[in-house]
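Novice: To start, I am sharing the structure in question, which I have written as structure tokens.
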Amino acid sequence: DAKTTQPTSMDCAEGRAANLPCNHSTISGNEYVYWYRQIHSQGPQYIIHGLKNNETNEMASLIITEDRKSSTLILPHATLRDTAVYYCIVRVSVSGSARQLTFGSGTQLTVLP
Amino acid sequence: GAGVSQSPSNKVTEKGKDVELRCDPISGHTALYWYRQRLGQGLEFLIYFQGNSAPDKSGLPSDRFSAERTGESVSTLTIQRTQQEDSAVYLCASRASGRASYNEQFFGPGTRLTVL
């Protein structure tokens, strides 16, 4: 799996959009970009994933650059409950080989009142 | 239940003792994972069960660690002769089969293990 680079921490004002960047310059053509988050004292929670097209769901949007070397997770209207560590990972997404997750240190997002 | 559950939520033990951690996956989920997370660090994969296939034990750090799963239900992670470096949160996750959801792992709240 390709390595990812994320900022250690970010702050965001409540109600504003939180934009979390991730660099994955060595991503391969068959690797997807996944985002998970982990709220303090809880297990990780899946947010979104994508291959090359931008994706949106009820939680967030994922913007992947055309060269796929970086992406941005967007929380459109951050709330205090979005304070968490956000993990960006890239991995092959093929049934049978999509086994374990490996997280780095992620980005600590703090939403400020 | 509605989600993955783990027990106990906290376990304090003395160095050298054995511990057993339990995971109840979401009903019907065929895949089950154990991870370890040390304080302030990311996830460390331990072991993976998929249906009746042989488990992937490639992440187990030593032979003191073992895990079992009965069918597609409960799993137990056993650590023998615990060491202080085993102190961590042990997370269990389960995943459904099927193309629509096969990449989404649902995590339990974890068991915080402290070895004194």
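Novice: Restricted to region B:27-59, and to residues that are within 15 Å of A:GLN38 (Cβ to Cβ) and more than 9 Å from chain A (Cβ to nearest Cβ), which residue is surrounded by the fewest Cβ atoms within 10 Å (Cβ to Cβ)?
Specialist: That would be B:LEU39.
Novice: For B:PHE107, state whether it is facing chain A (nearest Cβ under 9 Å) and either among the hydroxyl-bearing types (Ser, Thr, Tyr) or touching a Cys at 6+ places or on another chain (Cβ under 8 Å) (or both).
Specialist: yes
Novice: Here's something else I'd like to know. Could you tell me which numbered condition A:SER9 fails, if it satisfies all but one of (1) in contact (Cβ under 8 Å) with a residue 24 or more places away in the chain; (2) of a type in the set (Gly, Ala, Ser); (3) closer than 26 Å to B:GLY110 by Cβ; (4) touching a Cys at 6+ places or on another chain (Cβ under 9 Å)?
Specialist: Condition not satisfied by A:SER9: (4).
Novice: To continue, here is another question. Please verify whether B:GLN41 is under 11 Å from the mean Cα position of the chain (by Cα) and not β-branched (Val, Ile, Thr), treating the condition exactly as stated.
Specialist: So B:GLN41 fails the test.
Novice: Please go through region B:73-96 and give me each residue that is under 21 Å from B:PRO109 (Cβ atoms), of a type outside the set (Val, Ile, Thr) and surrounded by 14 or more Cβ atoms within 10 Å (Cβ to Cβ), ordered by number.
Specialist: B:SER75, B:LEU77, B:ASP86, B:SER87, B:ALA88, B:TYR90, B:LEU91, B:CYS92, B:ALA93, B:SER94, B:ARG95, B:ALA96
Novice: Is there any pair linking a residue in region B:60-75 that is touching a residue at least 40 places away in the same chain (Cβ under 8 Å) to one that is surrounded by fewer than 12 Cβ atoms within 10 Å (Cβ to Cβ), with Cβ under 8 Å and at least six apart or on different chains, and which?
Specialist: Partner pairs satisfying both residue conditions: B:GLU72/B:GLY28; B:GLU72/B:GLY51.
Novice: From A:LEU75, A:LEU80, which residue is more than 24 Å from B:ARG38 (Cα to Cα) and in contact with a helix residue (DSSP H, G or I) (Cβ under 7 Å, 6 or more places away or on another chain)?
Specialist: Going through A:LEU75, A:LEU80 in turn, the sole match is A:LEU75.
Novice: With respect to the numbered conditions (1) under 18 Å from B:ALA93 (Cβ atoms); (2) under 12 Å from the mean Cα position of the chain (by Cα), which one is the sole condition not fulfilled by A:ILE74?
Specialist: Against the list (1) under 18 Å from B:ALA93 (Cβ atoms); (2) under 12 Å from the mean Cα position of the chain (by Cα), A:ILE74 comes up short only on (1).
Novice: Does region A:42-62 hold any residues that are assigned to a loop (DSSP other than H, G, I, E, B) and more than 10 Å from every other protein chain (Cβ to nearest Cβ), and which are they?
Specialist: Within region A:42-62, A:LEU51, A:LYS52, A:ASN53, A:ASN54, A:ASN57, A:GLU58, A:MET59, A:ALA60 meet the criteria.
Values in this text are rule-based calculations from the coordinates and carry no lab data. For clarity, every value in this text was computed on a predicted model and none was experimentally measured. Quick reminder, even Gly has a Cβ in these numbers, built from the backbone with ideal geometry, and neighbours come from all protein chains shown.
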